[in-house]
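Throughout, read-outs are computed from the coordinates displayed, never taken from laboratory work. Please read all numbers here as calculations on a predicted model, not as lab measurements. All Cβ positions, glycine included, derive from the backbone under ideal geometry; neighbour counts span all protein chains shown.
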């Protein structure tokens, strides 16, 4: 039986382990802040949670950028996936992570 033939490189850089572990932590934090924002009835507190959640999203982007810089396969696959998303709606005015008018917190949470 012939050995498997793979056409992709395998990047075994220890830094990737730390980056991916940190990425997991940031994603967990995003979900936690979102859960807290959804559960509170205090609009001001919900805005604090939303702000913290959006900060974590920036950290996710920074970590993904670093991972892509170190791992050519991850870079290629991420770029391929992004290219396959033509149906995404355009970003709101103000750019990524910036709703047009403050925080996007439901009005019924007072």
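For the residues 47, 56, the requirement of being in a helix (DSSP H, G or I), under 13 Å from the mean Cα position of the chain (by Cα) and touching a residue at least 24 places away in the same chain (Cβ under 8 Å) singles out 56. If you go through region 8-44 and keep only what is outside any helix (DSSP H, G or I) and farther than 28 Å from residue 72 by Cα, you end up with 40, 41, 42.
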